[in-house]
Amino acid sequence: MVGYRKGWLTMEMITALAVLSIAFLPLLTFHAAGTRHVQRNYRKAVLSEMIGDRLAILRKGGWKEYGPCKDLEIEFFGNAAEKLPDGRLLLSISEKSEDPNLLSIKLVWRPNNTEAAGKVRRETFVFNDSEHRQGEGRQ
């Protein structure tokens, strides 16, 4: 009689473990999806910060090194750039159609794999002082 009860107890334990395992499978997949979501948002935040820093350098006069251009691929620099997913940083500098004294500076990050990080785009405007400097020399 004792052996008969041990068999049922073992069977109940195996069944309980199987039910628990099946119940936890959706939680594990949900956790994996959440982890990917957090990693993607983290990469996007790092990219946004790095692009903002690069844009600040361009805004302070670094744009003069490139001049007017469209979709010129430029390099990131810094330790964080090594950990970014593969992609391209594209620079576009053009005059505003409404006001030729304003230059539009756009930086766009286009990842090779959109699942790793989404597209990040930032734009700023600067006063085109090169035309005004030429005008000062004519006086």
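The values are calculated or read from the model by the stated rules, or taken from the named source; none is laboratory data. The model shown is predicted, which means the values in this text are computed figures rather than measured ones. Neighbour counts run over all protein chains shown; Cβ positions are idealised from the backbone, glycine included.
Does GLU82 fit the bill of being assigned to a helix (DSSP H, G or I) and within 16 Å of the chain's Cα centre (by Cα)? Reasoning before the result, please.
Numbers: assigned to a helix (DSSP H, G or I): yes; within 16 Å of the chain's Cα centre (by Cα): yes.
It is true that GLU82 is assigned to a helix (DSSP H, G or I) and within 16 Å of the chain's Cα centre (by Cα).
Considering only residues that are free of Cβ contacts under 8 Å to residues at least 60 places away in the same chain and charged (D, E, K, R), look in the stretch 37-65 and name the one that is nearest to GLY118 (Cα to Cα).
This residue is GLU49.
Output yes when any residue across the stretch 49-58 is part of a helix (DSSP H, G or I) and loosely packed, with under 10 Cβ neighbours inside 10 Å, and no when none is.
no
Could you tell me which residue of the stretch 79-128 is modelled with the highest pLDDT, considering only residues that are buried (at least 16 other Cβ atoms within 10 Å of the Cβ) and of a type in the set (Gly, Ala, Ser)?
In this case the residue turns out to be SER92.
Here are some conditions: (1) over 21 Å from ILE93 (Cβ atoms); (2) surrounded by fewer than 10 Cβ atoms within 10 Å (Cβ to Cβ). MET11 meets all but one. Which one does it not meet?
(2)
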